[in-house]
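Take a look at the following structure, please.
The values are calculated or read from the model by the stated rules, or taken from the named source; none is laboratory data. Nothing here was measured: the structure is a model prediction, and the numbers come from that model. All Cβ positions, even for glycine, are placed from backbone atoms using ideal geometry, and neighbour counts span all protein chains on display. When the accessible area is computed, the model is the full protein with side chains, heavy atoms only, and any ligands, DNA or RNA have been set aside. Shrake-Rupley method; radii C 1.70, N 1.55, O 1.52, S 1.80 Å.
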Amino acid sequence: MRALTAAAVLCVLTACSSGPTRPPTADHTPSPTPAEALAQARAKNQHWLDPTLIKTFPESGVAEYRPPSKLAVLLPQSGNLAVAGNAIRDGLLSAYYAEARSKPGIRFYDTQGSAAGAKAAFERAMKDGAQMIIGPIGKDEVAAIHDIAGTIPVLVLNRLETPNNRHVLNFSLSPEREGELIAERLLSKGLLQTAVFSQSSDSNSRMLAAFEKRYQSGGGSVLLKAPAPVFGKDADGAAINPVLPEATAQAKAVLLLMSGDAAKPARAALALNGAAGIPVFAGTDITDSSDAKTNTQLDGIEFLQMPWLINRGNSMNISASQLLKLPSARGPGAKLNAFGADAWLIATRLPVWLASPNSEIGGATGSLHLEPDGRIERTLPWSVFRAGVPQAANGP
């Protein structure tokens, strides 16, 4: 009441003043762009998730480890996304059982790969008293949960374009992030003209678009974009070597967005077209579907890779080699195993980010940090093939 009275008196005094009145001045200060707003939030050590959301998590006695008492995991165990869901589940459970400290009760709920199934699973988890939820994974599923989440933290496992629910964290294996990291690598090396060869896929298209945007913003130029080169035969059975565009020879770097088996003939095609000496880079797919017996053909190629897949250190001290007997660990499924392991890691390390959002956590999929808009972003280490074996690349 006193505050209101003071305000009223101030208004009266202002209105009764006999001095000249000044016209209101317009504020011409431009609003910060989304990128600027994120940078300002980082500088202030701000974060997205409300710290009170984990106040009911039991104390563990260890600063960096404080899991909820009940953890719910929403994954498709049936439907079109079941294979991916099973791979994520196996990775999460591998990390869960590797943890020697006190662990929460954990329960899995089938989302059936649909928005309706995800909502039903979410409601069951809430009714069962979950303190935190991991999942779901499908875009429609994630959008549905994002709209209804509240009171407890939710870690959704797909990319949210416009997150605005402060109870939701967003973690994904986005190809866009890989494209940005590759662009930054080339820019840091001063390689400003690149030729790109890629296999046709939605993931590669998204990666290439993100690469090109970041690369061009840093002064780089994509000289050509072409499909993966292939060798063929004419009607008489004679070999036909692929002829690459002339711009290839002018490039300062070559980017291969393809599997290892596709990259081997591509590497040979570069040599046959006078581009053997150009540095070659690749994304994480280069280790997929690749016959290790002929991997010496990939020697010298630098590529991004998850620590999980190259036995590089992570906070859980586990790797893909420990899951080799599981059907879900074959081929691309190994990346989803790592994804699931990191989902567990994040669920147990939330206090770290709430106390210091700019800190990083060494995950199976990369070095993880929490962006001020709720996205969990990854930085992946660089590797290089030497004698057919992936090894740590030199330099940043």
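What FRET efficiency would be calculated for the residue pair D261, I148, taking the C-beta separation as r and a Förster radius of 35 Å, to the nearest 0.05?
Working: r = 44 Å, r/R0 = 1.25.
Efficiency for this residue pair is about 0.20.
At 1.4 Å probe radius, can you tell me the per residue accessible area of the range 180-257 in Å²?
51
List, in order, the whole-Hz ³J(HN,Hα) value for each residue of the range 258-265 obtained from phi through the Karplus relation with A = 6.51, B = -1.76, C = 1.60 and θ = phi - 60°; use x for Gly and Pro.
6, 6, x, 5, 7, 6, 5, x
Also, quick follow-up: Can you spot the aspartates and glutamates whose alpha carbon is less than 14 Å from K335's alpha carbon? Ignore those fewer than 8 places along the same chain.
Leaving aside aspartates and glutamates fewer than 8 places away in the same chain, those within reach of K335 are D90, E178, D285, D288.
To continue, here is another question. Could you give me the ³J(HN,Hα) list for the range 332-339, computed from phi with Karplus coefficients 6.51, -1.76, 1.60 and θ = phi - 60°, whole Hz, x at Gly and Pro?
The phi angles translate into x, x, 4, 5, 6, 4, 4, 4 Hz.
Carbon and sulfur: what percent of the range 238-396's accessible surface (1.4 Å probe)?
Looking at the range 238-396 in its full context, I get 54 percent from C and S.
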